[in-house]
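Undergrad: Below is a structure I'd like to ask you about.
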Amino acid sequence: MVKSLITCDCLGTQTIDAEGLSNATGLDVRPPCSALCTTQINIAQAALADPDAVFCCTQEARLFEELAEGLDRPAPPTLDLRDRAGWSADDTLKLPKMSALIADAMLPADAEKTLDVVSEGLCLILGPAAVALDAAEQLKDHLGVTVLLSDAADIPDTRAYDVVVGRLRRAAGAFGQFDVVIDALQQIEPGGRGAFTLTDPRDGALSQCDIILDLRGDTALFPAPEKRDGYLRADPGHAPGVAAAIMAASHLTGTFEKTLYVKTAPLLCAHSRAEQTGCTNCLDLCPTGAITSAGEHVSTDPMICAGCGACSAACPSGAITYDAPAVDLTMRRVQTMAKAFLDAGGTAPRLLVHNAHGAEMVRLSARHGRGLPADVIPLEMSAIGAFGHAEAVAALAAGFAHVTLLPGPTSDIPALETQIALANAIAGAGKVALLDTPDPDAMSDALFAGEAPAPVAQPVRPMGTRRQIARQAAKALHPDTDRIALPDGAPYGAVVVDTDACTLCLSCVSLCPSGALGDNSDKPQLRFQEDACLQCGLCANICPEDAITYAPRLDLTDAALTQTILNEEEPFPCIECGSLFGSKSAIDRITDKLKDHAMFAGDKLRMIQMCDNCRVTAQFHADDNPFQGGERPRVRTTDDYLSKRRDH
């Protein structure tokens with residue numbers, strides 16, 4: 001069925017070309033109403049009978065949901081054309097931009113992957129006695145409260161909630177499954193007259209809770225505390241902040257859905273091999289500590305992950321990718337909007353990537369300021385950190401002339417700057433930029449003042465992994481370029497081998513996680529495929545001769561897709577049978593290093609120059625044969641046994 005778009009010009013404050021949009025999108029775009037949410041509500045009511053109707057107004061989404069509920073109809077999907085396109089100081093035709101926004105909205109979204117988290121309302125309150133006990137009084141009817149005090153003199157004469165005395169040593173976990181360790185723990189003995197007595201202090205007491213209300217005003221218990229679900233923190237001297245934290249805590253009981261933000265492929269991870277550390281990009285970037293080392297790969301705790309997306313953008317191998325939404329959906333959104341804009345007659349579109357905070361800035365700018373230029377297409381993402389260099393380069397190759405990232409207050413700016421620098425190195429300087437401002441008017445002014453460079457002449461929309469898409473997009477942006485120099489730390493490049501130092505021990509081949517380094521079963525040879533190299537550092541770390549360095553670059557020629565020979569030698573012939581084995585430089589180097597060793601005196605040094613079979617034979621016939629045991633004991637017979645008896 002063809003979707004029907006129910007449009008409204010919002011009391012004549014915007015212009016909607018319904019016929020033009022119908023032709024450009026292939027959808028049934030109804031002539032615009034003027035007051036769909038008030039005097040023309042009957043049109044909205046009639047449109048709800050169509051299951052394929054889409055209301056082009058997000059401001060009154062709640063009204064349309066209530067109307068649908070009254071008619072026993074499902075809530076209609078909504079689409080914002082007004083704030084993102086219609087309300088603008090730019091007099092240029094908005095048809096291409098609206099076509100792009102509609103095309104993006106029509107893409108099928110993947111179902112969100114979630115995990116159920118159960119909270120029984122067990123709350124641990126930390127802080128000075130006065131504020132902590134007051135919070136406990138407010139929460140005792142809603143949660144199972146325990147207050148941790150540092151001084152026994154502050155214990156109240158009430159058993160309406162639990163009070164313990166001690167020092168918090170450590171806290172770990174997340175909402176629904178916090179683990180705490182308390183030293184000098186003393187619990188109340190409820191019996192007896194007078195003030196409560198306490199148990200003897202005990203160190204290392206373990207306990208669990210669902211919620212932690214931290215009113216200490218001290219250093220947070222966790223990194224990036226604002227991103228740790230179930231951990232509520234407020235300054236005890238700021239009454240409104242304390243009240244807000246108490247209110248939030250009172251609602252944290254029941255079953256909740258935790259979004260699974262990333263998916264992992266441990267076999268692709270280049271973190272470590274043979275206890276040698278390689279890539280640590282995601283470990284270095286994760287603000288919450290959700291990613292930890294698990295031997296040869298990393299492990300992600302979904303309960304701690306806050307979904308910033310920085311790990312996905314920085315992962316060179318695709319071992320960890322953002323999944324809310326999936327990376328391929330983001331690529332399709334970018335490519336679809338570019339194509340729709342160009343097909344509708346637009347030229348040189350610009351992309352504005354933002355999160356929910358940026359969406360509010362766009363709404364404020366549209367209502368009270370200049371709005372967005374007609375050539376700037378906003379792309380809202382749940383996590384702007386997941387929009388890395390590959391997505392930016394793909395957008396430019398798809399037809400966008402410029403990409404601007406608008407971070408929110410909790411965005412990781414250094415991580416975004418790293419990805420922008422890499423994108424500009426691949427696509428060309430100045431084509432990707434960061435617009436870091438919390439002011440909607442400053443945002444609009446910067447976008448209106450910006451001049452987009454010329455877009456790619458022949459847009460392409462490649463498919464595949466992030467690495468594959470980045471490479472194909474770079475080829476489209478630089479059709480006459482063979483190689484692009486990249487900054488240090490880039491996930492693309494070549495392995496450079498010092499052939500004078502390399503002995504072809506091939507330890508680098510055995511540890512390479514991507515198969516970029518290989519050998520030849522027929523002769524001593526080190527082979528390399530540049531397209532597969534992650535520049536993870538494992539081969540350089542393991543090389544015993546320090547013969548490996550890196551050259552960060554992006555090779556756009558077909559040579560990067562094939563194996564090339566980095567080093568090779570003629571094999572060494574066994575001095576006994578002539579069989580070929582090892583490499584001459586390796587055998588010569590080992591022989592030279594061991595020639596003065598006591599264990600290789602005399603003819604034993606020659607064994608190093610023998611193949612496996614001849615070495616065993618030489619050892620077997622040697623005077624000090626290591627395979628030769630002592631003299632075997634004589635077999636004991638019956639005569640031997642009887643000869644020692646005394647009864648005959």
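Undergrad: Having 1 or more residues that are in contact with a helix residue (DSSP H, G or I) (Cβ under 9 Å, 6 or more places away or on another chain), open to solvent by 50 Å² or more (accessible area, probe 1.4 Å) and under 30 Å from ARG367 (Cβ atoms) is the bar; report the helices (runs of 4 or more DSSP H) wholly within the stretch 409-498 that clear it. Working first, answer last.
TA: Working: elements: 413-427, 440-449, 466-477.
Ranges flagged: 440-449.
Listed here are the residues, each with its yes/no results for (1) outside any helix (DSSP H, G or I); (2) in contact (Cβ under 8 Å) with a residue 24 or more places away in the chain; (3) not hydrophobic (A, V, I, L, M, F, W, C).
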| residue | (1), (2), (3) |
| --- | --- |
| LEU232 | yes, no, no |
| PRO236 | yes, yes, yes |
| VAL242 | no, yes, no |
| ALA245 | no, yes, no |
| ALA248 | no, no, no |
| LEU252 | yes, yes, no |
| LYS258 | yes, yes, yes |
| LYS263 | yes, yes, yes |
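Undergrad: In this structure, is GLY289 touching a residue at least 40 places away in the same chain (Cβ under 8 Å) and on the phi > 0 side of the Ramachandran plot?
TA: Details: touching a residue at least 40 places away in the same chain (Cβ under 8 Å): yes; on the phi > 0 side of the Ramachandran plot: yes.
Against the criterion (touching a residue at least 40 places away in the same chain (Cβ under 8 Å) and on the phi > 0 side of the Ramachandran plot), GLY289 qualifies.
Undergrad: Say whether the condition of being of a type in the set (A, V, I, L, M, F, W, C), part of a loop (DSSP other than H, G, I, E, B), touching a helix residue (DSSP H, G or I) at 6+ places or on another chain (Cβ under 6 Å) and open to solvent by less than 20 Å² (accessible area, probe 1.4 Å) is met by at least one residue in the stretch 509-522.
TA: For the stretch 509-522, residues of a type in the set (A, V, I, L, M, F, W, C), part of a loop (DSSP other than H, G, I, E, B), touching a helix residue (DSSP H, G or I) at 6+ places or on another chain (Cβ under 6 Å) and open to solvent by less than 20 Å² (accessible area, probe 1.4 Å): present.
Undergrad: Any chance you could count how many residues in the stretch 349-382 are open to solvent by less than 10 Å² (accessible area, probe 1.4 Å) and among the hydroxyl-bearing types (Ser, Thr, Tyr)?
TA: 1
Undergrad: Looking only at the stretch 527-548, how many residues end up being under 13 Å from SER272 (Cα atoms) and either surrounded by fewer than 22 Cβ atoms within 10 Å (Cβ to Cβ) or in contact with a Lys or Arg (Cβ under 7 Å, 6 or more places away or on another chain) (or both)?
TA: 5
Undergrad: Give, as residue ranges, the helices (runs of 4 or more DSSP H) completely inside the stretch 272-355 that count at least 1 residues that are at pLDDT 95 or above and of a type in the set (Phe, Trp, Tyr).
TA: Of the helices (runs of 4 or more DSSP H) lying wholly inside the stretch 272-355, those with at least 1 residues that are at pLDDT 95 or above and of a type in the set (Phe, Trp, Tyr) span 327-343.
Undergrad: Moving on to the next point. Would you pick out the residues in the stretch 193-230 that are open to solvent by 20 Å² or more (accessible area, probe 1.4 Å), part of a strand (DSSP E or B) and closer than 13 Å to LEU168 by Cβ?
TA: LEU206, SER207
Undergrad: Could you tell me whether the stretch 554-571 includes any residue that is more than 44 Å from the chain's Cα centre (by Cα), open to solvent by less than 70 Å² (accessible area, probe 1.4 Å) and not aliphatic (A, V, I, L, M)?
TA: Yes; the residues of the stretch 554-571 include at least one that is more than 44 Å from the chain's Cα centre (by Cα), open to solvent by less than 70 Å² (accessible area, probe 1.4 Å) and not aliphatic (A, V, I, L, M).
Undergrad: Let me ask something else. Counting only residues that are in a loop (DSSP other than H, G, I, E, B) and of a type in the set (S, T, N, Q), which one in the stretch 30-75 is most open to solvent (accessible area, probe 1.4 Å)?
TA: From the stretch 30-75, those in a loop (DSSP other than H, G, I, E, B) are 30-32, 34-40, 48-52, 56-60, 71-75; that's our starting set.
Among the residues that remain, those that are also of a type in the set (S, T, N, Q) are: 34, 38-40, 58-59.
Values: SER34: 47, THR38: 80, THR39: 115, GLN40: 52, THR58: 56, GLN59: 93 Å².
The qualifying residue most open to solvent (accessible area, probe 1.4 Å) is THR39.
The values are calculated or read from the model by the stated rules, or taken from the named source; none is laboratory data. Nothing here was measured: the structure is a model prediction, and the numbers come from that model. Here Cβ is always computed from backbone atoms with ideal geometry, including for glycine, and neighbour counts include all displayed protein chains. When the accessible area is computed, the model is the full protein with side chains, heavy atoms only, and any ligands, DNA or RNA have been set aside. Shrake-Rupley method; radii C 1.70, N 1.55, O 1.52, S 1.80 Å.
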